[in-house]
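The values are calculated or read from the model by the stated rules, or taken from the named source; none is laboratory data. Note that the structure is a prediction, hence the values are computed from the model and not measured. When we count neighbours, we look across all protein chains shown, and the Cβ atoms used for this are built from the backbone with ideal geometry, even at glycine.
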Protein chains: 2
Amino acid sequence: SEHGQEGNDDDYGVYVATAKSIYMVSDGTGWTAEHSVSAALGQFDHCLVDRGCPVNTHLFSGIDDAEKLMAIIKQAAKEGAMVVYTLADPSMAESAKQACKLWGIPSTDILGPITEAIASHLGVSPSGLPRGASGRSSALSEEYFRRIEAVEFTIKHDDGALPQSLHKANIILAGVSRTGKTPLSIYLSQKGYKVANVPIVMGVDLPKTLFEVDPEKVFGLTINPIVLQTIRKARAKSLGFSGEARSSYSEMDYVRQELEFARRIFSQNPVWPVIEVTGKAIEETAAVILRLYHDRKHKCTMPRISKRY
Amino acid sequence: SEHGQEGNDDDYGVYVATAKSIYMVSDGTGWTAEHSVSAALGQFDHCLVDRGCPVNTHLFSGIDDAEKLMAIIKQAAKEGAMVVYTLADPSMAESAKQACKLWGIPSTDILGPITEAIASHLGVSPSGLPRGASGRSSALSEEYFRRIEAVEFTIKHDDGALPQSLHKANIILAGVSRTGKTPLSIYLSQKGYKVANVPIVMGVDLPKTLFEVDPEKVFGLTINPIVLQTIRKARAKSLGFSGEARSSYSEMDYVRQELEFARRIFSQNPVWPVIEVTGKAIEETAAVILRLYHDRKHKCTMPRISKRY
Ligand SMILES: Nc1ncnc2c1ncn2[C@@H]1O[C@H](COP(=O)(O)O)[C@@H](O)[C@H]1O
Ligand SMILES: Nc1ncnc2c1ncn2[C@@H]1O[C@H](COP(=O)(O)O)[C@@H](O)[C@H]1O
Ligand SMILES: [Mg+2]
Ligand SMILES: [Mg+2]
């Protein structure tokens with residue numbers, strides 16, 4: 001990770017010799033290349049860092065002229081790196097391809113193939129203009145404002161805050177402490193959903209508005225007690241809890257009882273789906289929730305999430 | 001967008017005839033396919049919705065068996081959709097390819113080519129296991145906790161809150177109201193950075209801790225006054241501001257003076273880079289900030305963001 005590495009600059013030289021490098025080059029932000037490479041690297045989990053086959057990725061964003069591009073490709077050649085790129089201008093993409101070929105560097109055009117396939121599907125040529133170059137102010141679109149509003153709503157409705165406006169949320173998450181409600185809410189909000197999250201704490205009444213809203217938008221989160229205890233112990237340590245507070249929060253009996261308390265609430269509200277979060281990454285739980293959310297909304301025969309562009 | 005569409009189900013049938021469909025199929029969350037397709041569609045801005053050539057995307061996630069896969073591909077054939085997929089199991093990917101070929105559907109394998117290129121670069125075969133299947137509990141990794149901590153830190157340090165712990169932030173954003181500090185902070189936090197944001201309000205002193213922290217981690221945000229006024233007018237309306245409050249907040253004179261006030265603060269702190277956000281999407285501003293942040297940290301000759309996997 002970036003930070004791990006930063007804290008570690010002195011050791012860095014030692015690893016360079018053994019780690020393989022992947023250069024990612026974009027005329028835009030580089031996030032598409034990063035996302036794709038990161039997913040693809042999921043296929044090599046069995047050999048990455050812990051198993052002694054580390055990979056270093058290097059992201060070069062905003063590369064909008066041939067000179068910078070060539071300098072990066074030369075550097076890749078020196079380091080024995082492979083190159084992946086997303087370049088909207090066809091002549092830039094062609095230059096990248098040719099230069100890599102010339103210097104014997106393995107290279108992959110990440111978006112070229114999809115862009116071509118879409119072009120022929122639509123019967124329209126791609127603009128060839130990198131992001132930002134078209135002068136189209138995406139930053140003032142309705143979609144843009146809607147997302148910002150969703151993020152702001154979600155921050156304000158974190159951790160049970162403002163229960164009086166729960167009805168304004170698109171999605172409400174309920175679960176005991178450390179089931180990932182906050183990061184999950186934030187992740188969903190960035191996709192444009194207004195999310196509120198409500199903590200379930202043993203012996204504490206839930207806000208009555210939670211039972212007045214459309215139950216189809218409430219999702220319960222549950223987790224394996226042993227995993228939850230591990231997470232809570234780490235949490236209590238990092239917050240510096242001590243004595244009484246710490247022990248009850250992460251004590252196995254307490255953890256089990258609190259999960260049981262949550263389970264009873266969920267079973268009293270059978271419309272709420274209960275989502276198992278154990279071992280899932282935030283984006284994985286988000287995918288499960290949005291799949292259910294859209295299926296309920298659209299009730300179409302084949303579960304899907306649809307968008308208009 | 002999802003929500004636009006939801007509010008609009010009655011009209012939806014009307015559009016189906018003219019809109020072209022893209023089916024996205026994943027054995028995981030589908031976010032990689034969605035991200036790639038969305039970037040590729042950026043190349044067709046000149047013909048999307050507003051210009052009368054709408055595209056509907058349909059995301060099918062968690063598709064982990066051949067039966068579901070075939071049902072989706074058949075449906076794509078009926079709708080005249082194209083299909084893009086990310087399927088880790090090589091036999092699933094091959095089935096998708098063959099079925100599309102058989103039914104004359106254009107199809108693109110989004111991650112296959114990068115995965116193969118990485119495999120030959122590393123000299124290691126891909127696992128062929130979809131996300132989640134490997135049983136590796138990514139949810140308990142250090143990286144995972146670090147990101148969650150970053151998101152929670154960032155929420156707590158929104159809008160000038162907790163100025164006494166500004167020194168704990170990795171990145172501090174300062175700017176007048178509606179320069180995008182909050183969504184930008186959240187976006188960066190999800191990449192693992194602890195971000196605090198501090199509002200600049202004319203006539204209000206900034207927290208003195210802002211001038212005590214390492215100035216290399218502070219970023220000023222600036223924006224074109226006319227664009228800012230437009231955004232503030234929309235904001236004032238949506239918040240229901242009226243009379244005095246509304247007029248001073250979005251009055252052109254006030255907007256200009258407040259930006260000038262910010263400009264003076266920035267010029268008194270010349271180490272802070274000043275980032276122009278006009279017309280930029282959040283992820284674009286984030287890319288600019290992280291590029292500067294990493295260049296300053298690493299001071300390497302070629303600007304890049306590096307990560308270890
Ligand atoms: N809205 C957009 N308009 C035009 N091109 C885009 C857009 N979004 C992304 N791209 C292009 O898609 C590729 C990936 O973008 P990025 O994720 O910003 O690196 C780059 O070549 C960008 O120029
Ligand atoms: N951590 C991971 N381990 C294994 N495969 C992954 C991982 N992350 C993503 N993938 C695969 O990459 C593709 C895209 O993932 P997703 O973005 O979840 O749809 C799917 O085929 C996933 O199975
Ligand atoms: Mg929380
Ligand atoms: Mg704000």
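What number of residues in the stretch B:166-190 are more than 16 Å from ligand 2 (Cβ to nearest atom) and over 24 Å from B:K233 (Cα atoms)?
Step one: filter the stretch B:166-190 for residues more than 16 Å from ligand 2 (Cβ to nearest atom), giving B:166-189.
Narrowing the set further to residues that are over 24 Å from B:K233 (Cα atoms) leaves B:166-172, B:187-189.
Total meeting the criteria: 10.
Summed over the stretch B:270-309, residues that are at pLDDT 95 or above and over 29 Å from A:Y144 (Cβ atoms) total 2. Residue check: is B:I118 of a type in the set (A, V, I, L, M, F, W, C), within 16 Å of ligand 2 (Cβ to nearest atom) and in contact with a helix residue (DSSP H, G or I) (Cβ under 6 Å, 6 or more places away or on another chain)? Yes.
Here A:I105, A:I73 are screened, and the one residue that is over 17 Å from B:S120 (Cα atoms) and surrounded by 14 or more Cβ atoms within 10 Å (Cβ to Cβ) is A:I73. Taken over the stretch B:59-99, the criterion of being under 31 Å from the mean Cα position of the chain (by Cα), part of a helix (DSSP H, G or I) and not polar (S, T, N, Q) is satisfied by B:K68, B:L69, B:I72, B:I73, B:A76, B:E79, B:P90, B:M92, B:A93, B:A96, B:K97. Checked against (1) touching a residue at least 40 places away in the same chain (Cβ under 8 Å); (2) more than 28 Å from the chain's Cα centre (by Cα); (3) under 23 Å from B:V195 (Cα atoms), B:S267 passes all but a single condition, namely (1). Could you run through the stretch B:35-62 and say how many residues are under 15 Å from B:Y23 (Cα atoms) and in contact with a Pro (Cβ under 9 Å, 6 or more places away or on another chain)? Of the residues in the stretch B:35-62, 4 are under 15 Å from B:Y23 (Cα atoms) and in contact with a Pro (Cβ under 9 Å, 6 or more places away or on another chain). Of all residues assigned to the stretch A:70-91, none qualifies as being within 10 Å of chain B (Cβ to nearest Cβ), modelled with pLDDT of 95 or more and within 19 Å of B:S141 (Cα to Cα).
For the stretch A:111-135, the candidate set comprises residues that are at the interface with chain B (Cβ under 7 Å from one of its Cβ atoms) and among the hydrophobic types (A, V, I, L, M, F, W, C); within that set, the residue that is nearest to the chain's Cα centre (by Cα) is A:L111. With respect to the conditions (1) more than 14 Å from chain A (Cβ to nearest Cβ); (2) surrounded by 15 or more Cβ atoms within 10 Å (Cβ to Cβ), B:F211 falls short on a single one, namely (2).
Quick check: anything in the stretch A:274-283 facing chain B (nearest Cβ under 7 Å) and assigned to a helix (DSSP H, G or I)? Yes. Tell me, please, whether a residue that is within 11 Å of chain A (Cβ to nearest Cβ), more than 16 Å from ligand 3 (Cβ to nearest atom) and either within 18 Å of the chain's Cα centre (by Cα) or not charged (D, E, K, R) (or both) can be found in the stretch B:155-170. The answer is yes, given that some residue of the stretch B:155-170 is within 11 Å of chain A (Cβ to nearest Cβ), more than 16 Å from ligand 3 (Cβ to nearest atom) and either within 18 Å of the chain's Cα centre (by Cα) or not charged (D, E, K, R) (or both). When B:A286 is tested against the conditions (1) hydrophobic (A, V, I, L, M, F, W, C); (2) under 30 Å from A:V37 (Cβ atoms); (3) touching a His at 6+ places or on another chain (Cβ under 9 Å), the lone failure is (3). Among the residues that make up the stretch A:192-214, is at least one of them within 29 Å of A:S141 (Cα to Cα) and hydroxyl-bearing (S, T, Y)? Yes, the stretch A:192-214 has at least one match. Candidates in the stretch B:22-44 are the residues that are without any contact (Cβ under 8 Å) to a residue 24 or more places away in the chain and touching a Phe, Trp or Tyr at 6+ places or on another chain (Cβ under 9 Å); of these, the one that is nearest to ligand 1 (Cβ to nearest atom) is B:A39.
Can you name the residue in the stretch B:287-302 that is facing chain A (nearest Cβ under 7 Å) and either assigned to a helix (DSSP H, G or I) or crowded, with 18+ Cβ neighbours inside 10 Å (or both) and, of all such residues, is nearest to the chain's Cα centre (by Cα)?
So the first thing to find is which residues in the stretch B:287-302 are facing chain A (nearest Cβ under 7 Å), and the list is B:287, B:291, B:297, B:302.
Then keep just the ones that are either assigned to a helix (DSSP H, G or I) or crowded, with 18+ Cβ neighbours inside 10 Å (or both); that gives B:287, B:291, B:297.
Numbers: B:A287: 10, B:R291: 16, B:K297: 23 Å.
Looking at the filtered set, the residue picked out is B:A287.
Looking at B:S185, B:S177, B:S127, B:S238, which one is polar (S, T, N, Q) and without any contact (Cβ under 8 Å) to a residue 12 or more places away in the chain?
Numbers: B:S185 fails: without any contact (Cβ under 8 Å) to a residue 12 or more places away in the chain; B:S177 fails: without any contact (Cβ under 8 Å) to a residue 12 or more places away in the chain; B:S127 fails: without any contact (Cβ under 8 Å) to a residue 12 or more places away in the chain.
Testing whether each residue is polar (S, T, N, Q) and without any contact (Cβ under 8 Å) to a residue 12 or more places away in the chain leaves just B:S238.
Scoring A:M202 on the criteria (1) closer than 19 Å to A:K280 by Cα; (2) touching a strand residue (DSSP E or B) at 6+ places or on another chain (Cβ under 9 Å); (3) among the aliphatic types (A, V, I, L, M) leaves a single failure, condition (1). With respect to the conditions (1) at pLDDT below 95; (2) aliphatic (A, V, I, L, M); (3) away from ligand 3 (no atom under 16 Å from the Cβ), B:A139 lacks only one, and its number is (3).
Filter the stretch A:1-41 down to residues that are part of a helix (DSSP H, G or I), modelled with pLDDT of 95 or more and facing chain B (nearest Cβ under 7 Å), then give me how many there are. So that I can check it myself, show each step before the final result.
Residues of the stretch A:1-41 that are part of a helix (DSSP H, G or I), as a first pass: A:2-6, A:9-16, A:31-41.
Checking which are modelled with pLDDT of 95 or more leaves us with A:31-41.
Cutting the leftovers down to facing chain B (nearest Cβ under 7 Å) gives us A:31-32, A:35-37, A:39-41.
Within the stretch A:1-41, residues that are part of a helix (DSSP H, G or I), modelled with pLDDT of 95 or more and facing chain B (nearest Cβ under 7 Å) number 8.
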